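This report concerns only the one structure given below.
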Amino acid sequence: MKSPSAWSVPPTDASLPVAIEVLRRVPISRAAVARRLKLSPGSLSRLSAPLLEGGLLREVGEHNDGRVGRPTRLLDVDIDAKHFVGMKLRENEIIAARTNLRGEIQNHRTLAITDRSPEVVVGQIAGLAADLGEGLQIDGIGLGIGGLIRDRQYVVDAKFLGWTELPLAKLVGAATGIPTLVDNDLVAFTEYEHWFGEGREDDRFAVVTLGVGTGFGLVANGAIVTGKDYGIGLVGHWPLDPAGPVCYAGHRGCATSVLNSDSIARHVSAALGRTVGYEEALDLAEAGDPAARRVADDGGRGLGRLLAAICNLTLPERIIIAGEGVRLASVAEDAVREGLALDRDPRASTPPIVLGTKDNVDWCRGAAVLAIQAFVHGKLPAVAAAGS
C-alpha cells in the first residue's frame, strides 16, 4: 500500500508546530524538536505519532549524541512531494522559480516585460507558472513586488509598474487555477530568511537590502514586523551623512542618496566626467581610483551607520545584507566598520553580519515561501474562476 505524501493528511492545530519545526530545521532529532518547542518526550511522541502515520513526517537516518544508549532516528519531511512557484516582478522583467516544500529552487526562468498593462503581465505570469509546472502539480504561487501591498492580495501602489489598487493575487489565481499570494518583495525575502535561511535559528534578526533602493526587514519574537506603511521604503530616508548629497525628496545625506546603486554610479560618473554603471564604479574603487574609492567608502561608512542604528534600536542577533548592491559591503568593508564604530558604544558587541547573494533568483525563494507558509497553515486562498 502506497503511503500518503507530505501534507496529504493535514496536521492538527496541536501537532502543526511539530511539523513546521521539522520542515524548517532539515533532518532533526526528536530530542532537538522537544527542546526547541519546550515539550516533554511523551508529549512529542503523542503529537508526532499521527504525523508519522499520516506520512507527513518520516524517519531518516540516525543521530548519536555521544550518550550511552541507542542512536535516535532523525525526523524529516518529504520536501519534494509538493511544488511551489515564486516570482519577483521588476520594472522590466519577471524572474520565476519552482521550489520544493523547503524553498529549494528546482528550476527557474526569466521573462522580459515589454507591456506593463496588468492583463499582459498576468498572462506572462500564467505562462511562466505553466512552463515551470509542466508535468507537476503546483500547490501555490507567491509573488514579490516592490511597493505597497494589502492583505497579501492587492497591489495598492507599485509605481515602477504604474499599478494602483490592483487585485493581483485574484487575477493570477483565476488565470492559473492556482492559489496565489502577493506581498512586498522584502517582506517575502525576510520570510524566507526566517523560515529557511540565515535567520532560522534566531528569535530576532534584521535584513538590509542594497540596490536601486535600500530596504529593511525585521523579525522580532519569532515574527516579521510589518505595518500599513511597509513598502514605502521608509529606511531609504534615514539620515546617514549631514554633509552628504541630496536625494530626490530633498533629504541631505539619507540612505537613498548615499547607498542606492544608481546614486553611487551617478556620483562616480560625475567625478570622472563619463558615465559608469554601479559594478564598474565598484571595480574602479577596488582598483584604487581615488574618486570611485571615495564614493564607495562614503557609501560603506553610511551603511555602517545604518547598521549601527539598527543594532542600537532593535538589538538583533544577526544582520543579513543582500540585494543587487550587496557587493558594496565587501568593497567598502573597512569603511563599514568605521561607520559602525561611530555610532556604537565601545562596550557593545556587534552581531554576526552575513553577506547574502545579489542573484535575483534567490528572491523568488522568498516569494515561494509566502505560498509555502499559507499551504502549511492551511490558509491558501480560494481560487476564483476566470472572469468572476
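The values are calculated or read from the model by the stated rules, or taken from the named source; none is laboratory data. What you are looking at is a predicted structure, and each value in this text was computed from that prediction instead of being measured. Please note: Cβ atoms are built from the backbone with ideal geometry, for glycine as well, and neighbour counts cover all protein chains shown.
Filtering the stretch 262-307 to residues that are among the β-branched types (Val, Ile, Thr) and either in contact (Cβ under 8 Å) with a residue 40 or more places away in the chain or buried (at least 17 other Cβ atoms within 10 Å of the Cβ) (or both) leaves ILE264, VAL268, VAL276, VAL295. Looking across the stretch 245-260 at every residue that is part of a helix (DSSP H, G or I) and either touching a residue at least 24 places away in the same chain (Cβ under 8 Å) or out of contact with any Ser or Thr (no Cβ under 6 Å at 6 or more places or on another chain) (or both), the one that is farthest from ARG301 (Cα to Cα) is identified as THR256. Those strands (runs of 3 or more DSSP E) of the stretch 32-132 in which 3 or more residues are surrounded by 13 or more Cβ atoms within 10 Å (Cβ to Cβ) and modelled with pLDDT of 95 or more occupy 84-89, 93-99, 105-112. In the condition set (1) buried (at least 18 other Cβ atoms within 10 Å of the Cβ); (2) among the charged types (D, E, K, R); (3) free of Cβ contacts under 8 Å to residues at least 24 places away in the same chain, ASP241 is compliant with all but (3). For the stretch 340-356, filtered to residues that are at pLDDT 95 or above and of a type in the set (Val, Ile, Thr), the residue that is nearest to GLY323 (Cα to Cα) is VAL354. Helices (runs of 4 or more DSSP H) fully within the stretch 261-352 that include at least 3 residues being closer than 19 Å to PRO239 by Cβ: 261-272, 290-314, 333-342. Taken over the stretch 197-218, the criterion of being within 10 Å of the chain's Cα centre (by Cα) and part of a loop (DSSP other than H, G, I, E, B) is satisfied by GLY197 alone.
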